[in-house]
Amino acid sequence: MNEKTVSESESEMSRLVLPEDTNSFGNLYGGRLVEWMDNIASITAFKHARSKVVTGSIDSLFFLSPVKLGYIVNIHSRITYVTRSTMEVEITVKSENVETAENKITTRAYFTYVAIDDSGHSIEIPGLKIQGPDEERRYHEGELRNKMRIELLEEARKNLNK
Ligand SMILES: CC(C)(COP(=O)(O)OP(=O)(O)OC[C@H]1O[C@@H](n2cnc3c(N)ncnc32)[C@H](O)[C@@H]1OP(=O)(O)O)[C@@H](O)C(=O)NCCC(=O)NCCS
């Protein structure tokens, strides 16, 4: 199958944090942010696979700084690593103060998507055409994370039967 570049599926979205997105003290809900992250990352996965995709896993997710009501949230997603049917998508979230234009990183996380057919079976996806040392480094790091992910997945499956 043909390879695709990272830039062919790279995606970005911005959201303004509104009152319905925040808790009683004016901070963005973590769950709302995860929903936005899953939305943009799935667009990246759809563009790479051009098939149905489902979210398989979300790696440990740390919220590093709060996002306030009225701030802009800028979310960037790109593929870092692929296997036969899975795509690791790196999502970087920054919050922007509308008055000062100051940008702060809120989180960086890795979501894995699995490409499936109409019956829900995994299918083969295009490989990743790596361009330049940054993409090479990300690919290598993704490969290491994928090894750990498979171990955790196997453990989770075993624990289901306990
Ligand atoms: C993800 C799913 C399609 C995998 O089904 P499966 O029968 O295990 O598929 P396979 O055994 O063919 O595995 C396909 C690939 O996905 C990987 N994989 C399977 N489950 C995974 C998971 N939960 N997270 C990450 N990778 C996963 C496998 O390692 C394999 O990788 P490979 O392409 O490198 O070989 C299935 O578990 C599913 O539909 N889960 C629910 C997804 C969903 O609905 N998400 C939304 C939130 S509920």
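Each Cα pair of the chain feeds into the Kirkwood radius, which the Stokes-Einstein equation turns, at 4 °C and 1.567 mPa s, into a diffusion coefficient of 77 µm²/s. Surface composition of the chain: carbon and sulfur atoms hold 52% of the protein heavy-atom accessible area at a 1.4 Å probe. Antiparallel beta bridges, as assigned by DSSP with both residues in region 1-146, represent about 90 percent of the total such bridges.
For region 90-130, there are no residues whose amide N sits under 13 Å from a probe point set 7 Å from the Cα of Asn23 along the beta carbon direction. Of the peptides 19-29, 37-47, the order by per-residue mean of other Cβ atoms within 10 Å, starting with the highest, comes out as 37-47, 19-29.
Would you list Phe63, Phe111 from the most to the least accessible area, probe 1.4 Å? Spell out each step's value before the answer.
On the way: Phe63 105, Phe111 0 Å².
Putting Phe63, Phe111 in descending order of accessible area: Phe63, Phe111.
Given their separation in residues at 0.36 nm each and the Cα-Cα distance between them, Asn74 and Met148 gain 23.8 nm when the chain is fully extended. With all protein chains kept in place, the per residue accessible area of the chain amounts to 59 square angstrom at a probe of 1.4 angstrom. For region 79-162, GluC sites (Glu not before Pro) meeting the loop criterion (DSSP other than H, G, I, E, B) and having at most 11 other Cβ atoms within 10 Å: Glu99, Glu102. Estimated at 0.36 nm per residue, the fully extended path between Glu3 and Ser65 surpasses their Cα-Cα distance by 18.6 nm. Counting only alpha carbon atoms, the long axis of helix 30-49 and the longest principal axis of the chain meet at about 40°. Put a dot 7 Å past the Cα of Asp117, heading toward its Cβ, do the same for Lys158, and the two dots end up 3.2 nm apart.
Among the trypsin sites (Lys or Arg not before Pro) in region 58-95, which ones are in a DSSP loop with at most 10 other Cβ atoms within 10 Å of the Cβ? Mind listing them?
none
The values are calculated or read from the model by the stated rules, or taken from the named source; none is laboratory data. This one's a predicted model, so the numbers in the text were calculated from it and none came from an experiment. When we count neighbours, we look across all protein chains shown, and the Cβ atoms used for this are built from the backbone with ideal geometry, even at glycine. The protein model used for the area step is the full one, side chains on, heavy atoms only, and it has no ligands, DNA or RNA in it. Shrake-Rupley method; radii C 1.70, N 1.55, O 1.52, S 1.80 Å.
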